[in-house]
Amino acid sequence: MAVNLLLGSWVSLPIDGLSFERLDSLLYTFFGFVALGLFVGLVFGAWSVFPNTSFWLLCVVTSASSVVILLILLLSIFYRGIPAFNPPKDDIVAELSEIDTKLSALAADSSEAQELTARQTELQELEQVIDTSFLNKAPAPGAREAGIGPALLGSIWVCVGCAVFFLPLGVGTAIFLEEFKPRNKILRWFTDMLQLNINNLAGVPSIVYGILGMTVFATMFGLFGTSKDPFIELGTEFKRQYVTEGMQVVFIPTDSRDEEPELSDGMTAFKSDGSEVKLNIIGDDDDFPEDDATLNVSLFGDAEGGVVADNAWYSFRLPLGRSVLAASLTLMLVILPVVIISTQEALRAVPMSLRQGAQGLGCTPWQTVRNVTLPAAIPGIMTGCILSMSRAIGEAAPILMISGIVAISMGPQHLMDDFSILPLQIFYWAALPVNDADPHNFQHVAAGAIIVLLLVLFAFNSVAILLRQLAQKQLS
Amino acid sequence: MATAQKTAKPAVLERREFRSLAATRFREWFILAALAGCTVFTVMITVTIVCLLIGQTVEFFRMPETSVTDFLFGLKWNPTLGNVKHFGIWPLICGTMWVTVIAMCVALPLGLITAIYLSEYAPRGLRNVLKPILELLAGIPTVVYGFFALVVITPALQAVGIQVDFYNAISAGIAVGILCLPTVASLSEDALRAVPRRLREAAYGLGSTKFDVSLKVVVPAALSGIISAFLLALARAIGETMIVAMAAGALAKLTIDPRQQIQTMTGHMASTATGDISNFDVRYYSIYAVALVLFFITLSLTVLGNFVRKRFQEAYD
């Protein structure tokens with residue numbers, strides 16, 4: 001039955017892609033194949049006559065292709081990305097000067113002049129936003145106003161957090177596997193299995209780690225509630241936010257997330273700058289206050305406030321949610337096998353004679369590792385760790401599983417904060433529809449963010465290469 | 001005799017008080033235990049991945065909309081659209097296969113020939129330039145390749161006359177191929193350079209040209225390493241996420257035309273994650289089932305790759 005079904009579906013394979021509309025492109029492809037065939041024939045002809053030279057030529061051309069690919073990639077990105085650091089604002093400048101000339105001709109108090117002045121301040125503010133450094137601006141709906149500030153900060157937070165976890169775990173595991181090799185046959189088989197496990201973990205796609213991190217760290221199997229209603233929550237203060245009749249924002253602190261404060265006359269509330277005010281509560285039948293000062297602290301008795309959570313720098317909650325900490329732990333899982341393998345290689349490069357010398361002086365195994373092997377291997381270990389960090393900074397798939405796309409205007413303030421990272425921001429911007437008529441669109445912004453990312457990676461790699469050269473000098 | 005020697009210490013040592021070794025022994029034991037703990041953590045990762053994926057996949061198949069037969073043999077994948085939802089894995093595998101095949105068509109020949117050139121032909125100075133360039137290519141984040149596929153490869157293909165859609169399998173595949181090229185090149189080059197000099201010299205002694213030595217002596221001798229490099233690159237191409245999420249599209253279908261948009265296994269997971277997955281519905285559980293399939297495919301390729309390298313390595317010493 002299943003087989004019949006299967007065969008039936010195979011027979012009616014969807015081939016709508018090969019309809020008549022595409023016949024011309026099919027012809028092109030056909031001629032392309034013919035040309036390719038001629039080329040291959042030529043190559044094989046040359047091959048049979050001068051195998052040595054033609055193979056050498058093939059090698060050179062192929063190896064040059066990787067250089068060409070890199071050049072095209074960098075050129076295309078720099079070509080699109082450089083304008084992002086200095087977005088065009090000719091239209092704004094032109095309009096401003098136009099307003100200037102119009103204003104000088106008009107009387108200062110006419111309604112038209114006031115309109116123009118309003119427009120002028122609006123434009124000046126826009127110009128100021130555009131002129132802010134690309135590295136400080138927040139993502140915005142307009143391409144010229146958008147920048148990478150929060151994403152860059154988020155990337156730094158996540159990577160530093162990741163390093164805090166992977167350094168001890170990775171180096172510890174590598175030391176255990178390299179320096180404490182058991183002599184017992186069964187134990188040796190066991191450590192071989194551990195090694196095999198690590199090699200296989202290095203081949204697991206990063207998105208699978210993302211799913212692991214999402215389930216284990218972010219939602220914690222749903223065992224501890226959701227991140228909106230967490231099981232454990234420390235260092236978080238709640239307050240209710242009200243908008244008074246005078247359009248002022250006031251806060252009333254509460255003890256828990258769900259507590260609704262009883263509004264009463266003369267109650268103390270706080271403004272957003274921290275100053276205290278006494279509330280004036282009015283009912284439906286009361287007179288509406290006339291003067292602005294009273295209006296600014298007036299609330300209806302049945303007003304409903306929104307919950308605002310104030311997190312201290314040490315705040316913590318148990319389903320980690322879409323937090324910096326969950327992302328760091330997940331990235332740690334992705335990077336850990338890479339760190340272990342590179343640290344093992346660094347340890348293996350330390351000459352055996354050094355260890356034997358230490359053992360001859362009566363050092364215990366740990367003393368040998370601490371005083372001899374580790375100091376000798378430190379440059380190599382650092383190189384591996386920095387290269388792993390540079391991989392962590394570019395890794396997007398696991399974080400995508402944890403946090404999705406988050407639009408935020410500020411970098412993370414504490415470990416439980418929402419965040420965005422550079423690669424995700426690039427992913428988001430690159431997917432936005434592009435209007436070709438627009439001289440500065442989100443492709444430019446994405447390319448600008450890529451330039452920053454590549455510069456960070458370049459810095460990391462340079463440090464790693466310097467360290468590697470240092471290590472080679474020391475040991476030889 | 002031995003006991004007599006033990007008791008009769010030299011007079012100088014007789015009066016000296018030795019530090020107790022208990023503290024040192026405890027420290028040694030404690031540190032070893034801590035390091036072993038770190039190592040056990042890596043085992044826990046593997047165990048958690050396997051248990052989690054299998055457990056949640058069982059949960060997926062318990063849902064009324066799904067069945068194991070539909071998943072394994074079904075030819076339709078529409079978790080969001082349509083009245084009757086189908087969860088057949090084959091459209092996703094078809095998408096992954098297209099991207100992987102195209103990627104391998106790019107990465108394998110280019111990578112292998114580059115490796116042969118680097119190991120056999122290239123002068124030292126050129127090698128010192130080419131290797132860092134390959135490392136640079138390997139270190140570029142995958143989102144950058146995704147962007148490259150969108151803004152350069154697709155328009156280039158359209159300019160050449162191949163009528164590809166805006167999202168298509170070909171440009172995603174080419175980008176994944178560029179991503180895998182350094183992996184293939186550097187792993188194959190390691191294997192080629194591990195072939196002892198003696199073999200080359202013997203071949204030269206018999207009157208071989210450089211071409212004969214490279215293709216008829218060195219490459220066969222390093223074949224296990226090269227095949228393992230191919231398999232590892234294949235695993236990497238199958239597990240690649242961001243490029244396909246950006247450039248390959250999000251429409252799962254069984255197609256023989258790579259110019260259309262497709263969806264891969266990893267692409268399905270990424271597109272589910274960008275949507276709202278907080279509610280524990282069937283779509284949320286479907287990513288675990290897909291991840292389980294993906295995990296087993298890549299794991300078997302990695303295991304096979306490492307096994308081939310170890311088992312079929314030619315030992316010359």
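In the set A:LEU432, A:LEU374, A:LEU422, A:LEU354, only one residue is among the hydrophobic types (A, V, I, L, M, F, W, C) and either surrounded by 21 or more Cβ atoms within 10 Å (Cβ to Cβ) or under 29 Å from A:LEU234 (Cβ atoms) (or both); that residue is A:LEU422.
Can you pull out every residue in the range A:140-176 that is part of a loop (DSSP other than H, G, I, E, B) and farther than 22 Å from A:ALA392 by Cα?
A:ALA140, A:PRO141, A:GLY142, A:ALA143, A:ARG144, A:GLU145, A:ALA146 - these are the residues of the range A:140-176 that are part of a loop (DSSP other than H, G, I, E, B) and farther than 22 Å from A:ALA392 by Cα.
Could you check, for the range B:126-136, whether at least one of its residues is in contact with an Asp or Glu (Cβ under 6 Å, 6 or more places away or on another chain), assigned by TED's automatic domain parsing to the domain that holds B:ALA289 and farther than 30 Å from A:TYR428 by Cβ? Checking the range B:126-136: not a single residue is in contact with an Asp or Glu (Cβ under 6 Å, 6 or more places away or on another chain), assigned by TED's automatic domain parsing to the domain that holds B:ALA289 and farther than 30 Å from A:TYR428 by Cβ. Quick one: is A:SER54 within 40 Å of the chain's Cα centre (by Cα), within 11 Å of chain B (Cβ to nearest Cβ) and at pLDDT 55 or above? In short, no. Would you confirm whether any residue within the range B:280-292 is out of contact with any Cys (no Cβ under 9 Å at 6 or more places or on another chain), without any contact (Cβ under 8 Å) to a residue 24 or more places away in the chain, part of a helix (DSSP H, G or I) and within 12 Å of another protein chain (Cβ to nearest Cβ)? Taking every residue of the range B:280-292 in turn, at least one turns out to be out of contact with any Cys (no Cβ under 9 Å at 6 or more places or on another chain), without any contact (Cβ under 8 Å) to a residue 24 or more places away in the chain, part of a helix (DSSP H, G or I) and within 12 Å of another protein chain (Cβ to nearest Cβ). Can you tell me which residue in the range A:215-247 is surrounded by the fewest Cβ atoms within 10 Å (Cβ to Cβ), limited to those that are assigned to a helix (DSSP H, G or I) and at the interface with chain B (Cβ under 8 Å from one of its Cβ atoms)? Filtering first and then ranking leaves A:GLY222.
The residues of the range B:222-278 that are buried (at least 22 other Cβ atoms within 10 Å of the Cβ), more than 9 Å from every other protein chain (Cβ to nearest Cβ), among the polar types (S, T, N, Q) and within 26 Å of B:GLY305 (Cβ to Cβ), listed by number, are B:SER228, B:THR264. Answer with yes or no whether B:PHE30 is assigned to a helix (DSSP H, G or I) and either closer than 30 Å to B:THR274 by Cα or in the same structural domain as B:THR298 (by TED's automatic domain parsing) (or both). No, not satisfied.
Does A:ALA396 fit the bill of being surrounded by 19 or more Cβ atoms within 10 Å (Cβ to Cβ), within 26 Å of A:ASN136 (Cα to Cα) and in contact with a helix residue (DSSP H, G or I) (Cβ under 8 Å, 6 or more places away or on another chain)? For A:ALA396, the condition - surrounded by 19 or more Cβ atoms within 10 Å (Cβ to Cβ), within 26 Å of A:ASN136 (Cα to Cα) and in contact with a helix residue (DSSP H, G or I) (Cβ under 8 Å, 6 or more places away or on another chain) - is met. Listed here are the helices (runs of 4 or more DSSP H) enclosed by the range A:377-476 that have at least 2 residues being outside the structural domain of A:ALA309 (by TED's automatic domain parsing), in contact (Cβ under 8 Å) with a residue 24 or more places away in the chain and aromatic (Phe, Trp, Tyr): A:422-431, A:442-475. Scanning the range B:35-57 for residues being of a type in the set (A, V, I, L, M) and either within 7 Å of chain A (Cβ to nearest Cβ) or over 21 Å from the mean Cα position of the chain (by Cα) (or both) gives a total of 8. On inspection, B:PHE30 qualifies as surrounded by fewer than 13 Cβ atoms within 10 Å (Cβ to Cβ) and more than 9 Å from every other protein chain (Cβ to nearest Cβ). For the range B:1-27, filtered to residues that are at pLDDT 75 or above and surrounded by 10 or more Cβ atoms within 10 Å (Cβ to Cβ), the residue that is farthest from A:CYS363 (Cα to Cα) is B:PHE26.
Among the residues of the range A:176-205, the ones that are more than 7 Å from chain B (Cβ to nearest Cβ), closer than 14 Å to B:THR46 by Cα and in contact (Cβ under 8 Å) with a residue 60 or more places away in the chain come to 1 in all. Can you confirm whether A:LEU347 is buried (at least 16 other Cβ atoms within 10 Å of the Cβ) and either in contact with a Cys (Cβ under 6 Å, 6 or more places away or on another chain) or within 12 Å of another protein chain (Cβ to nearest Cβ) (or both)? Considered against the rule, which asks whether it is buried (at least 16 other Cβ atoms within 10 Å of the Cβ) and either in contact with a Cys (Cβ under 6 Å, 6 or more places away or on another chain) or within 12 Å of another protein chain (Cβ to nearest Cβ) (or both), A:LEU347 comes out as no.
Scanning for something of a type in the set (Phe, Trp, Tyr), on the phi < 0 side of the Ramachandran plot and modelled with pLDDT under 90, does the range B:300-310 turn up at least one residue? Yes, because at least one residue in the range B:300-310 is of a type in the set (Phe, Trp, Tyr), on the phi < 0 side of the Ramachandran plot and modelled with pLDDT under 90. Please go through the range A:262-290 and give me each residue that is of a type in the set (Asp, Glu) and in contact (Cβ under 8 Å) with a residue 12 or more places away in the chain, ordered by number. Once the filter is applied, which keeps residues that are of a type in the set (Asp, Glu) and in contact (Cβ under 8 Å) with a residue 12 or more places away in the chain, the range A:262-290 yields A:ASP265, A:ASP284.
The values are calculated or read from the model by the stated rules, or taken from the named source; none is laboratory data. As the structure is a prediction and not an experimental result, all values here were calculated from the model. Backbone-built Cβ (ideal geometry, glycine too); neighbour counts: all protein chains shown.
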